[in-house]
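Note sheet for the following structure.
Nothing in this text is a laboratory measurement; each read-out follows from the coordinates by a stated rule. Note that the structure is a prediction, hence the values are computed from the model and not measured. Cβ atoms come from the backbone with ideal geometry, glycine included; neighbour counts cover every protein chain shown.
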Amino acid sequence: MKKKTVYLMEEEWDHLIILDACRYDYFRDLYSDYLEGKLERVRSPSFHTEKWRKEVFTEEHDDVVYVSANPYINGRAEIKGFSAQDLFHDVIDVWGWGWDDELGTVPPGKVNEGVREARRKYPDKRLIIHYLQPHAPYLSLGKLPGKDSFGEVRRDLGSSNTLGDFLTAIRDTLGKKFVKIFSWELGWKVNRFLGFPPAIPEESAFRKVGKEGMRKAYRENLEIVLKSVEEIIEELNGKIIVTADHGELLGEGGDFVHHDENHPLLREVPWLRIERNS
């Protein structure tokens, strides 16, 4: 049976929880240690947050407050044709005040703080709660070298410069061109052989712990964020959905991250329905 493609704003919910880059299979194996609900495997409209946000948020939703650890969805500035401040009642920019420079990301506990702030300010609004995990960087490995797109967006938003197409520049490097033709794994091995520094934190993780180590670290990231989701759900009521914007490649066919729009693992995401009453 063909999997249903879900468009979030067409579904019924009171609180919507987004786990960034969360694969269905890893979630399926872990969620029941933390959450109770009915799980489905569904299809995401896109394979990357930048494209996903434009697919799912196409009109104004004044009844929704977006609690965002992801600077691609922020209340300060338009990024690549997407202006979240024009679409939601408010955006709680957790990525701005909750960023941990030592980890190179927003810890999930900071997102929970943002949820509590949103509930105090807007008790009658629906919430979208966007965690960065299980997306890299991997918390158990510490901060690793490499340009991280979230950090780059965050720094640019904090400056006085106009946000440019820095991601395009990053993707146009020699290493990225190589891996598009061959595979991420082979490209990373060639980069290391030639003495090039890691381009992104995932490449650093590959050099440090290898493919299996990355899978373990991804799993640990998911366990960490599920623990925070378990905690915040105790404070929420109504119909709650836990899902993802897209999946992640962890060495399948030598590929990593999430840039292959045709790979099914990047579109298969969890859809967990939870009912909580006062």
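Structure summary
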quantity: Between region 199-278 and region 1-48, the alpha-carbon center distance in angstrom; calculated: 10 Å
quantity: FRET efficiency, Lys121 to Phe193 (Cβ-Cβ, R0 45 Å, nearest 0.05); calculated: 0.25
quantity: Eligible aspartates and glutamates near Lys208 by straight Cα distance, threshold 18 Å, same-chain separation 8 or greater; calculated: Glu102, Asp148, Glu185, Glu220, Asp255
quantity: Distance violations [Cα-Cα > 32 Å] among Lys54/Lys125; Lys80/Lys110; Lys110/Lys189; calculated: Lys110/Lys189
quantity: Sorted by Cβ neighbour density within 10 Å, fewest at the top, the residues Phe193, Phe27, Phe206; calculated: Phe193, Phe206, Phe27
quantity: Likely footprinting exposure, Glu55, Glu60, Glu234, fewest C-beta neighbours within 10 Å first; calculated: Glu234, Glu60, Glu55
quantity: Stretch gain in nm, segment Lys38-Leu103, where the contour uses 0.36 nm per residue and the Cα spacing is subtracted; calculated: 20.1 nm
quantity: Radius 14 Å from Cβ of Ser83, net charge of other residues (Lys, Arg +1; Asp, Glu -1); calculated: -3
